[in-house]
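To keep things clear, I will list the structure first and then write my remarks on it.
The values are calculated or read from the model by the stated rules, or taken from the named source; none is laboratory data. Keep in mind the model is a prediction, meaning the values are calculated, not measured. In this analysis, Cβ positions are derived from the backbone assuming ideal geometry, glycine residues included, and neighbour counts consider all displayed protein chains. For the accessible areas, the whole protein counts, side chains as well, though only heavy atoms, and no ligand, DNA or RNA atoms are used. Shrake-Rupley method; radii C 1.70, N 1.55, O 1.52, S 1.80 Å.
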Amino acid sequence: MILDTLELHNFRQYYGTQRIVFSKDRHRNVTVIHGENGSGKTTLLGALNWVLYGKSGLPDPEDIICERAVAEAPEGAELEAYVSLTFTDDAKTYFVKRSVRARKTGGKLEYSAPRVELEYINEAGEHVVPKFPQEVIDQILPPGLRGYFFFDGERIDNLTKKDGAKEIKRAIKILMGLEVLERAGNHLKGVQQRFLEEYGKYADDETQRIVEQLKVVEEEIEAKKVELEDEKNNRSAIEAELQAVADRLRSLEASRDIQEKKEELQRQLKQYQEAYQEVQKKLRYTASRRGYLAFCGSLIRRAKEFVSEKRAKGEIPSGIKERFVKDLLQLGRCICGTPLPEGSEARAQVSSWLTRAGKQAVEDAVHELDKDLVALENARAEMFRDLRELCAQRQHIKTKLRELAEEIGQLEAQLEGKDVEEIAALQRKEHELRIKRFEIERKIGAIEKEIEQLQERHRQLDNERRKKEAENEKARLALRRMEACQRIRDVVQKILELRAQSVQDDLQRRMTEVYNRMLRKGYEAVIDEDYQLMVYKPMGESKVPVRMSQGERQVTSLAFIGALVDIAREQYEREHERSGFFRGGYYPIVMDSPFGYMDQDHRERTARNLPTLAHQVVVLVSSSQWEGSVKDGMQQYVGKEYVLQYRSPKLDPSVKFEYTEVQEVRHA
Amino acid sequence: MNTDEIREKVRSLVQSLSKPEQDILHRVIQLEKEKLYLDNPKFLVDDIEEIVRRAIK
C-alpha cells in the first residue's frame, strides 16, 4: 500500500477542502507534516483510520462535521463531511471515500449513516466498483495491523511491554503469511470433520460406531490441547514472575552478589540436567539396540563348548584343511620335518588326518561360526564397557546435580536469612513460584501423556475404520475427500513449520541490524520462537534482561516495526513475479509525534534510519520535535512538507471559530 | 536454510499432492488471503468444503 492523496472536507477541525499529496519518491520517501499542539496532527491520523475503517479513534467520534462549517450554514441546510484517500497497492490504484451527511435543525445536527465508496483501476486499466468495499480494504490492510502503520508515537512503546507479546505475534503472523497457513490448516480440519460426519452417515452400523468414537476422541484431543496451552501460558506467567523476582534481587545491593552466584549455579544446574538427559538417552539407546547381548553369554559359551567337543570327536572339521594334509603327503615330509615315505608309520599317521579334515563347504561354515562367536563375545564385552562408562557418567552428573542443588539451597537460605525484609520476602516468593512451576510442569507432562494415548487410540480406530471401508459409493467419496483434506493439512503444516523458522531467523537478523543502528547502547534484541521481543544487556559471558527507559522502549518498538516492514518489502520485491504463498508487501509508516521521549542522539539515529526501512514514511511532528537532530537525520529523505495552519479565537480575536488549513511548504 | 532452499522444499511438498489436491491447496490459500480479516470461520469452512467437493468427485 502506497499512499497518494488524502483529502479532507469539513472533517472535524479541517475547514473546507484540504489536501495532502504524499511523497512517493523512492529516495525522498518522507512526507513531513508540521503542526503545533492542538493543530490537528492526531486528527489527520484519525482521518486515515476513519476513511479506511470507519473508526477515527478520536474523542467524541460522532462529531465529524467541522464546527465552522456548521456555524456558517443556514438553518435547515444539509452539510457533508468526507475524507477520501487515493492509494496504490499491487499495481492497482484505489480511491476510497467515506462521507457523512447531516441536516442543521434547531442549531443542532441530525446525522445520517456514514457511507463508504470504493473504486479502483486494475492492472488491465479497467475501472472496478466492488460490491463490498470494506472487504476489499480489509484485504489490503487487515484492521488488526493498522496500529502498526498508523500510530501515535507516544503509545508505541507498548510493543516492548509484556502485554505487547500477543500483538507482536499476531502482526508477524499476518505480515509474513503464517496466519494464512494456520487458518488454512484449521479450516481444512473443519471441512475434514464434515466429511467424516458425511462418511459416518452413509457407512454401515459398525463403521458408524467407529466414526462416532473417532469424533469423540478427536474432541477429547482438542480439549486436551486447549488445556495444555492454558497450562503453558500459566508456566510462562510464572516464569515472568520468577524473572521479575530475580531482576529485583539482582538490583538490591545486599543481595546482588548472592543472586548472581545463584544464577550462575542455576545455569550450571541446567547444563548438567541436559547432560543427564543425554546420558539417559544413550543408555536407553544402548539397552534397546544391544541389550540382547547381555543374555547371550551362556549361549556363546555353550556354542563354543559344543564346537570343541565335536571337533575333539572328529565329528566336525578339526580346523585341519584337507588340502594341507594332501600337500604334506605329496611333499613326503611332515610339518615337523619327519619324512613321510610310502608305507611308513608316520605317513599312515598323517594320512589318517584326511578322515578328520572336513569338506570345503563345511570347513568354511565352521570357520564362519568361530569368527561369529568371537565377534559376539567382543560386542558383548564392548556393550558392557559402554554401559559401565555411561553409568559412571550418570553417577558423576547425579553427584554434581546434588552438589549444585545443595549450594543453591544454601544461597537461598542466605537470602532468606537476610535482615532486609524485602529480600527475604522475595526469596520466599521465588520458592513458592518454583513449587507452582513444578506443579504446572507435572500437569503439562500428564496432559502430554494423555494426548499421546488419545492419539494412539485415534490411530487404532482409524485403522479399524479403514478395514471396514464402506462399499457404499457415497461413503467412499466422503472418505476420499476426507483423506485429501488430511494430506493437504499435513502439507500445510510442514510449510508452516518451514516458514515459521525462516521468519524467525530473518526477523532476528534484521532486528539485530536495525537495532544496532538505532539504539546507542549495546543491547541485544532477541525474538524467541514464540515471537516475543526481549531486550538483553551483555554481562560478562551471560546476558540479563534490561529495564528500559520510555525513550529506549520507543526506539525499540520503532526498530521492530521498521524491521518488520523492511522484511515484508523485501519479500514482496523477491516474490513479486511469482505466485508464491508469501507475498509480503509495501507498508507505509504514518507516525504522530514519535520522538517525544527520546534524547537527541536517539532522535537523530531513528530519524536517519527509519526512512531506509519503510517504503513510505509520513511524520506528523511539532517544531520542537522536528528542529535539531530529527531534521538533521531526516531532511535528506523529505520529499513533501506541509504545515497545519491552526486558527483560533484564542490566538486571533478576528477569527470566530477554531479551524485548521493545510499549506504545502515549497522550497526554492 | 536459505530462501531458495525453502522455496524448493515448499515446491516439492506441494508436488507430493495429487493434482486435484494441489488445486484445492492453492484455492484455499487464495481464499484465506482474501478473507484474512474475517473472524467468523464458518463461512470459510463452507467455502472450502465446496472447493473440496468440486475438486474431488
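Side notes on the structure shown:
- Length added when fully stretched, A:ARG209-A:GLN663, from 0.36 nm per residue minus Cα-Cα: 156.0 nm
- Chain B, accessible area per residue, ligands and nucleic acids excluded (1.4 Å, Å²): 59
- Taking all protein chains into account, the per residue accessible area for chain A stands at 53 Å² (1.4 Å probe).
- Taken about its Cα centre, the protein assembly as shown carries a charge dipole of about 2060 debye when Lys and Arg each add +1 at the Cβ and Asp and Glu each add -1 at the Cβ.
- Between chain B and chain A, roughly 3400 Å² of accessible surface gets buried, counting both sides and using a 1.4 Å probe.
- Loop GluC sites (Glu not before Pro), the range A:464-566 (other Cβ atoms within 10 Å of the site Cβ: 12 or fewer; DSSP): A:GLU471, A:GLU529, A:GLU541
- Fully extending the segment from A:GLN280 to A:GLU123 would add 50.3 nm, taking 0.36 nm per residue of separation and subtracting the current Cα-Cα distance.
- The range A:493-517-the range A:11-36 distance, computed between alpha-carbon centres (Å): 34
- Across peptide A:135-147, the average count of Cβ atoms from other chains found within 10 Å of a residue's Cβ is 2.
- Counting only residues at least eight positions apart within a chain, or on another chain, the lysines with an alpha carbon under 20 Å from that of A:LYS270 are A:LYS232, A:LYS261, A:LYS262, A:LYS281, A:LYS282, A:LYS398, A:LYS400, A:LYS436, A:LYS543.
- Chain lengthening between A:LYS468 and A:ALA381 when straightened (0.36 nm per residue, less Cα-Cα): 26.3 nm
- Computed from Cα atoms, the angle from the helix A:297-313 axis to the main principal axis of chain A rounds to 30 degrees.
- Each helix, a run of at least 4 DSSP H residues, gives -39500 (n - 2.57); summed and divided by the residues of chain A, these come to -20500 deg cm²/dmol at 222 nm.
- Residue-averaged beta-carbon neighbours from other chains (10 angstrom radius) around B:17-24: 3
- Of all DSSP-defined beta bridges confined to the range A:589-668, some 60% are antiparallel rather than parallel.
- Carbon plus sulfur fraction of accessible area for the protein assembly as shown, probe 1.4 Å, in percent: 48
- Size descriptors for chain A, from the alpha-carbon set: Rg then Dmax equal 39.6, 151 Å.
- For A:ARG608, A:ARG115, A:ARG250, the ranking by accessible surface with the largest value first comes to A:ARG115, A:ARG608, A:ARG250, using a 1.4 Å probe.
- Residues A:LYS225 and A:LYS304, FRET efficiency given R0 of 60 Å [Cβ-Cβ distance, rounded to 0.05]: 0.60
- Using a Förster distance of 51 Å, the FRET efficiency for A:ASP63-A:ASN516 (Cβ separation, nearest 0.05): 0.65
- FRET efficiency estimate (nearest 0.05) - Cβ-Cβ, A:ARG26 to A:ASP632, R0 22 angstrom: 0.50
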